[in-house]
Amino acid sequence: MSAELTATRASRFANWNVAIIAITVVVLIVAAATVDNFGTSENFGFLVLDVLPIAIIALPMTLVIVTGEIDLSVASTLGLSSAVMGYLWNQNQPIETIIPLCLLLGAVLGAVNGFFVTVLGLPSLAVTIGTLALYRGLAFVVLGDSAVADFPPSYTAWVTGTIGSTPIPNVLIIIVVLAIVFGVILHATPIGRAVFAVGASEQAARFAGVRPGRLKFWLYVASGLVSGLAGVLWTLRYSSARADNGAGLELAVVAAVLLGGVSIFGGKGALPGVIAGVVLLGSLQNALRLSDVSNEALNVVTGVLLIASVLGPNLANRLKGWKQ
Amino acid sequence: MADSSPVLRVRAVSKSFGAVAAVREVSFDLYGGEAHALVGENGAGKSTIVKMLAGVHRPDAGTIELAGTPVDLSSPADAKAAGIAVIYQEPTLFPDLSVAENIGMGRQPLGRFKTIDRAAMVRQAGQLFTRLGVSIDPNRPARGLSIADQQLVEIAKALSADARVVVMDEPTAALTGVEVERLFAVARSLRDDGAALMFISHRFEEITALCERVTIMRDGRLVSTDLLTDITVDEMVRKMVGRDLGALFPKQDVTPGATALSVAGISRDPVFADISFDVRAGEIVALAGLVGSGRSEVVQSIFGVDPRDAGTVQVGGKTLKPGTPKQAMAAGVALVPEDRRQQGLLMELSIERNVTLPRSRALSQLGFLTGGRERRSAKEWTDRLKTKYGRLSDEVGTLSGGNQQKVVLAKWLATNPKVLIVDEPTRGIDVGTKAEVHRLMSSLAADGVAVLMVSSELPEVLGMADRVLVMREGRLVAELSRAESTEESVMFAATGQEATL
Amino acid sequence: GTTKSSTESQNTAAPATTAGKADPNAPIKEGLKIAYLPKQLNNPYTDVEVGGGKVAVGELKGEYKLVGPNDASASSQVSYINTLIQQQQNVIVVAANDPNAVCPSLNQARKAGIKVVTFDSDAAKTCRDAFINQATTQGIGESLVKMASELAGGSGEIAILSATPNATNQNSWIQVMKTELAKPENAKLKLVKIAYGNDDDQKSFTEAQGLLQSYPNLKVIVSPTTVGIAAASRYVSASNYKGKVAITGLGLPNQMRKFVKDGTVKKFALWNPADIGYLAAYTGAALSSGQITGAQGEKFKAGKLGDYTIGADGEIVLGPPTEFTAANIDKFNF
Amino acid sequence: MTAVGLPAPRRSSLDVVLRARELGIVLALAVLVAVTTISNPRFLSGQSIRDILLNTAILAVLAVGQAVVVITRNIDLSVGSVLGLSAFTVGTLLQNNNLPVILALLVGAGVGVVCGALNGVLVRYGNVPALVVTLGTLYVVRGVTYFWAGGSQINADELPSGFLNFGNATLIGIPYLVLLAVLVLVVTGVVLRSYRMGRELYAMGSSPQAARLAGIPVARRTIGAFVVSGGLAGLAGVLFAARFGTIDAAAGTGYELNVVAAVVVGGVAVFGGSGSVWGAALGALLLTTIGSALAVLEINQFWQQAIVGALILLAIGADRLVAARVAASLKKRGSHVS
Ligand SMILES: Nc1ncnc2c1ncn2[C@@H]1O[C@H](COP(=O)(O)OP(=O)(O)OP(=O)(O)O)[C@@H](O)[C@H]1O
Ligand SMILES: Nc1ncnc2c1ncn2[C@@H]1O[C@H](COP(=O)(O)OP(=O)(O)OP(=O)(O)O)[C@@H](O)[C@H]1O
Ligand SMILES: [Mg+2]
Ligand SMILES: [Mg+2]
């Protein structure tokens, strides 16, 4: 039973990873050809800025989901990081200290998740729903209802700006660097091998000398750290620190990761697919908006894609099975 | 006693899993009022037959007839409805539900408005336990029951079904002699009430004690069906194995070297206590005992995947910290665990990843893995063990059981261990592979590796070991030299009573 | 390092200067693309506002467009502004969800030659060309306090049920209300709490409920937002508090008619929201055609509404709010 | 080893554990109410209790449905969106149409049943994990509602007064909404506890593999659980419409996490097989009461969410502790074999 299943699962997975990249490329080409102003360099900049938070948070999220866990608190971590940034700025702290502090805060928040999940052994879905509420609540406690603006223009301009006179947005550097870092860790280091091993079977990984608890703990720290960074970037991009920044982003991130072919049960996934998933969602949204299709359509498209990303390969397999 | 017409007829059924032909054209009949044994080596296809009778698997070919009419058992519900009760090899309880509910599931006594009559349900469970002569609280949850108790609940479940056909897949594997006797008493009364029993066991004394007829399988095929009065145990074994047993254990003689592994007074409450022994380089030491005697826990604790409360473990003179497999691995210990599917392999990952996982750090260059070295190393070791596979990137779950076991062995032999611990190294693998594994262990020992082998198969223990350590209820009760160890002496030590064989 | 105070000194040094000179006689261009970006879609008040805009754009022979997020967040608005820039609109009429967060994008739009008119909720002054103010902040604040005082009979506890905690317009009215309440003639009125319903019907409903529970002696709830006043009225009309607690504030006559008729609400106020959208379109068109630049003192004609003069900081005030009571409510339909 | 008589009938340890779980919530609730009442006696006034119960009613109905799904080791994230669609459907239907309330309830539940069946079929026959399916339908259903609503809103004055009265009217002092929620709770609770069908849901969540071997119709039950969750979400949509009177396409946005939180706080294990709808409903009541109490206690409303979050962590942490205790005690009592 399982032998049959697994045989097809391997190929199905590989197929989907290629398919999602192909679909993304096709969508980009079609959009550039048919949607006015989609292909402009300026729009490229907007597109990159729009997907920035999802893109970077999806990277550690991929690793977390590959180990079979989940982190729903990322958007709240982003919000708390943003709120603390605003608070400290109001306290007249130098931005040069605030930013590292916010990153540190993100890491600590991640460590709290990691503690609950790995040390206490609680289910990550429940834990991170709890911290989702807790961190968002703390963000409101820190900053209340106010919004902090007027961050230093040199910083805000960098986030919204482009490299020199090229049309390449500065933040693309961050995305690319992080993508390479996480991609290499996941696919070309012993840590990455351990991540897949833990996701495939925690017990068997332990029998091979991997320490699943420690690994997951650090992945949660990484997830928190990157979410903290996303909070900083969000704040600088909108030049507005608010407690509700990024609310609801967690589901979009999870959707992008799953769309990228990562199995919610762990053990399977590849970063290129996830990046394609992020780009696909972002560019669809952008193109639909430019063609005056309402936001609603995107909701429907996202949901359908998400289900289709798992259902499609399943059905194809079943059809193949019938033919045989 | 036995009716003249069979209650259930299995007619030329076959079942394949991918490339593995688990059952090939097997036919036999079960008669009411008769206990029918099904024997065969590990992987012969016995459980597959059981699962076809239970509606879990559908035969690829062949039919199953109940009271003369062919039936299509396409789901466990169908089998249940047809009056077939099954005790599976692995207990299948609902850990969150109470024992009484586990027994009553789907057949709960109903009260007013078709609500479940809990009191009656608990009473029924209690009555069943009384009949089996065990004291399990019907109200407690199934979670936390010992394997033996779980098996007893399974038996109670099958009893409660009042079935025409009762199929028991190794129900006694986890039971002690007294409980086996009780089970047999109940089984006999079922039989005398006219039910057809099918009984699977690796213990011939049980088969001769309970059954009237025996069907022997080998490599998925039917060898013969005989009346037990017409066949001796020796004949059964020969038919099962298909060759002389001696060839299976190619033990080479070696002179043991220095002490490689030294275990002193390790304990873990409540599983084992005060275990001390040494294994020297070049030696094969077997750890024998009944299932559940705590052998696996001991070796897992030595390797560090399980904690321990007290005691020290030294490898090559170096003391290992408890609870750190990594350190044990660094010191040259390798553990081939007993449960291949759960502990030994990552079924959904590729062969290559599985083989190289414990060495991913060693194979990396500057901390990076590009895949080439892993692939080469994986290829080298799988080839060395003559593993049959399509591509190295195939999921390991697609391999046959024997080849999976080879992958586990390759995974650990590649770490170049000084101390090799193998827990049930030949469980679920076919005859040919078994011999290969034994040859391999033998030659490793000859090369100076210290081998500690946990095995429930007596012939394997007797055939391979230089020394036999016997455990009973978590304690080391005997140490027998190769000369001293016989089936009788080992069984005596393991059970604490005269062996009935 | 760079701190808030060091940045502030830099910031204040760089006011946005509007280039070019106004030509009061320039003709209004035809075919102007005027896009409305309210705080969020699905809000009846917003619908009335942009409805007026649509009429005006029609009169101006322009192209009307309405976009907006489903959640009242600044980040989604920014994405829409970016899209509008790409689509090369001529005028963006926007109600900012966060005065600062939308700023960089609005300035990017202005750099691309798009005129930015804010309405309903202003953006920072440096990133828009004109702001259509429904009424002077002072006027609204005063009239809210006046109504509350009348309903409370001059003394007692009052509470405010506002929109989101950082809604610019609500906050400035509340500021004025506080100053008014500090005056000796209002000394007996006590503001006990400001609650926020986030312009979400259900949240406002629950908040109203919380207010009444916490303050048993509450006499008046003042809700300076149409969502809040409707929700609060609906709660009170069906509860034991009906007749004991008065509701007032800013509301839409169509939404409030039921509660005025059943006596829950005696009096509330509002300007004509459709006129705001209408005036915004004309202002945008005038800006885009070069008639005005947004500087103080410039004059232009806004269709049926007549002549308007730009005030300080590019503010254009629509006019005084209307008070609605059982006597006059049937004359209004919006 | 000798034969033993029937074990003396005594309180089942399982029941004690379950009861202990719910007892914890009841205790927390009692403390909360006591503290709040001491600081402001009006917290226990009739109107106040009525309001809390009314607010709980909708969340509780959703939580009951969610609990049924979670017990089978699945999850339904689409409930908020389904609630929105149902509320808008009913609102549109009733807009200036005086239909009987019962019809509205049926239509709303019907909308939910369709959504739930879709979820169930995708999970079961599409072999897609429930989290993925329902995250997908969360988006799709919300999108469909927005499409349909097109930015319009249905106001209280467009709804028949009979329907709105249903949202506020009471029977012997208890609001209809609350009665309906209690009815849903009791029926679901009894089915789960005392009917074969209900026990099979627990069995499926406890061990999916064993459930298959036990001949439980897993497909039918899975779909059934999603249909119940969907149907109750649909019903909650009608209650929402009746209670709040104003409906737009955004109704119920973000509810899913609240509902899951209520279920988790209520002691339903996210890995299925244990917990009860009573617990889930209590969880909903506790979360709602916290909200009201914080308002009354004059605690900054900004703390509210943080407290809810901390409470969820506390609840699952405590649950784990209790479970570990029970496991240890069961082990000690041990098998009779050794
Ligand atoms: N679900 C499955 N998928 C793939 N192969 C299977 C599956 N189940 C059994 N097999 C293979 O079928 C063969 C027969 O297995 P089966 O479990 O019937 O053996 P058995 O006689 O019961 O052995 P044992 O004595 O160990 O219980 C083995 O080679 C096994 O690996
Ligand atoms: N889940 C469990 N709960 C309670 N007791 C358990 C559990 N698993 C194992 N045990 C007990 O631990 C003891 C040792 O089991 P262990 O598996 O180590 O035995 P073993 O000698 O290795 O037998 P096997 O041949 O099954 O490997 C037994 O008494 C067993 O009943
Ligand atoms: Mg078997
Ligand atoms: Mg063992």
### Query
Considering the range D:154-192 alone, what residues qualify as being touching a residue at least 24 places away in the same chain (Cβ under 8 Å) and under 16 Å from the mean Cα position of the chain (by Cα)?
D:LEU177, D:VAL178, D:LEU180, D:ALA181, D:VAL184, D:LEU185, D:THR188, D:GLY189, D:LEU192
### Message
Of all residues being within 6 Å of ligand 2 (Cβ to nearest atom) and in contact with a Lys or Arg (Cβ under 6 Å, 6 or more places away or on another chain) in the range B:279-296, which is farthest from the other protein chains (Cβ to nearest Cβ)? Just the residue, please.
### Response
B:GLY289
### Message
Take the residues in the range C:1-39 that are within 11 Å of chain A (Cβ to nearest Cβ) and modelled with pLDDT of 70 or more; name whichever of them is nearest to C:THR83 (Cα to Cα).
### Response
C:ALA35
### Query
Of the conditions (1) acidic (Asp, Glu); (2) modelled with pLDDT under 90; (3) not in a loop (DSSP other than H, G, I, E, B), B:GLU352 fails just one. Which one is it?
(2)
### Condition check for B:GLY104: over 23 Å from B:THR172 (Cβ atoms), within 12 Å of chain D (Cβ to nearest Cβ), more than 16 Å from ligand 3 (Cβ to nearest atom) and under 24 Å from the mean Cα position of the chain (by Cα)
no
### Query
Where in the range D:250-333 are the helices (runs of 4 or more DSSP H), entirely inside, with at least 3 residues that are facing chain A (nearest Cβ under 9 Å)?
D:255-265, D:302-333
### Message
Checking the conditions here, which among D:VAL190, D:VAL178 is part of a helix (DSSP H, G or I), within 26 Å of B:ARG112 (Cβ to Cβ) and open to solvent by 10 Å² or more (accessible area, probe 1.4 Å)?
### Response
D:VAL190
#### Entry: Matching entry among B:ASP149, B:ASP193, B:ASP226, B:ASP137 (being away from ligand 3 (no atom under 16 Å from the Cβ), acidic (Asp, Glu) and in contact with a Pro (Cβ under 8 Å, 6 or more places away or on another chain))
B:ASP137
### Task
Can you tell me which residue within the range C:101-136, out of those that are closer than 27 Å to C:THR226 by Cβ and among the basic types (Lys, Arg), is nearest to the other protein chains (Cβ to nearest Cβ)?
C:LYS125
### Message
Being at pLDDT 90 or above, assigned to a loop (DSSP other than H, G, I, E, B) and within 16 Å of ligand 1 (Cβ to nearest atom): is that true of B:PRO91 here?
### Response
no
### Query
Of the residues C:ALA182, C:ALA195, which is away from chain D (no Cβ under 14 Å) and either crowded, with 24+ Cβ neighbours inside 10 Å or free of Cβ contacts under 8 Å to residues at least 40 places away in the same chain (or both)?
C:ALA182
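Residues are listed down the side, and each one gets a yes or a no for (1) closer than 23 Å to B:ASP169 by Cα; (2) in a loop (DSSP other than H, G, I, E, B):
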site: B:VAL39; (1), (2): yes, no
site: B:VAL56; (1), (2): yes, yes
site: B:GLY62; (1), (2): yes, no
site: B:ALA119; (1), (2): no, no
site: B:VAL134; (1), (2): yes, yes
site: B:GLY144; (1), (2): yes, yes
### Any chance A:VAL159 is in contact with a helix residue (DSSP H, G or I) (Cβ under 8 Å, 6 or more places away or on another chain), part of a helix (DSSP H, G or I), at pLDDT below 95 and hydrophobic (A, V, I, L, M, F, W, C)
yes
### Query
Looking at (1) among the small types (Gly, Ala, Ser); (2) modelled with pLDDT under 90; (3) open to solvent by less than 60 Å² (accessible area, probe 1.4 Å), can you tell me which one B:GLY316 breaks?
(3)
### Task
State which residue pairs qualify: first residue more than 18 Å from C:ASP200 (Cβ to Cβ) and at the interface with chain D (Cβ under 7 Å from one of its Cβ atoms) and inside the range C:213-239, second residue surrounded by fewer than 22 Cβ atoms within 10 Å (Cβ to Cβ) and among the basic types (Lys, Arg) in any location, beta carbons under 9 Å apart, and separation of 6 or more residues or different chains.
C:GLN213/D:ARG42; C:SER214/C:LYS193; C:SER214/D:ARG42; C:PRO216/D:ARG42; C:SER239/D:ARG50
### Query
Can you tell me which residues in the range B:348-380 are open to solvent by less than 90 Å² (accessible area, probe 1.4 Å) and among the hydrophobic types (A, V, I, L, M, F, W, C)?
B:LEU349, B:ILE351, B:VAL355, B:LEU357, B:ALA362, B:LEU363, B:LEU369, B:ALA378
### Message
Take B:GLU498 and tell me if it is modelled with pLDDT under 90 and not in a helix (DSSP H, G or I).
### Response
yes
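One line per residue, one yes/no per condition, for (1) out of contact with any Asp or Glu (no Cβ under 8 Å at 6 or more places or on another chain); (2) buried (at least 23 other Cβ atoms within 10 Å of the Cβ):
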residue	(1), (2)
D:GLY46	yes, no
D:VAL61	yes, yes
D:THR72	yes, yes
D:LEU85	yes, yes
D:GLN95	no, no
### Query
Would you say B:GLY344 is touching a Gly at 6+ places or on another chain (Cβ under 8 Å) and crowded, with 23+ Cβ neighbours inside 10 Å?
no
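Residue-by-condition table, conditions (1) open to solvent by 50 Å² or more (accessible area, probe 1.4 Å); (2) within 19 Å of D:VAL263 (Cβ to Cβ); (3) modelled with pLDDT of 90 or more:
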residue	(1), (2), (3)
D:GLY116	no, yes, yes
D:LEU122	no, no, yes
D:LEU131	no, yes, no
D:ARG142	no, no, yes
D:GLU158	no, no, no
D:LEU164	no, no, no
D:ASN168	no, no, no
D:VAL184	no, yes, yes
## Note on the structure
Checked pairs for the range B:45-60, first not assigned by TED's automatic domain parsing to the domain that holds B:PHE17, second more than 10 Å from ligand 1 (Cβ to nearest atom) and open to solvent by 10 Å² or more (accessible area, probe 1.4 Å), C-beta under 8 Å and 6 or more apart or across chains, list as none
### Output for the range A:117-156, where each listed residue is within 14 Å of chain C (Cβ to nearest Cβ) and outside any helix (DSSP H, G or I)
A:GLY144, A:ASP145, A:SER146, A:ALA147, A:VAL148, A:ALA149, A:ASP150, A:PHE151, A:PRO152
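The values are calculated or read from the model by the stated rules, or taken from the named source; none is laboratory data. These figures come from a predicted structure and were not determined experimentally. Heads up, the Cβs are rebuilt from the backbone with ideal geometry, glycines too, and the neighbour counts pull from every protein chain shown. These area figures cover heavy atoms from the full protein model, side chains too; ligands, DNA and RNA do not enter into them. Shrake-Rupley method; radii C 1.70, N 1.55, O 1.52, S 1.80 Å.
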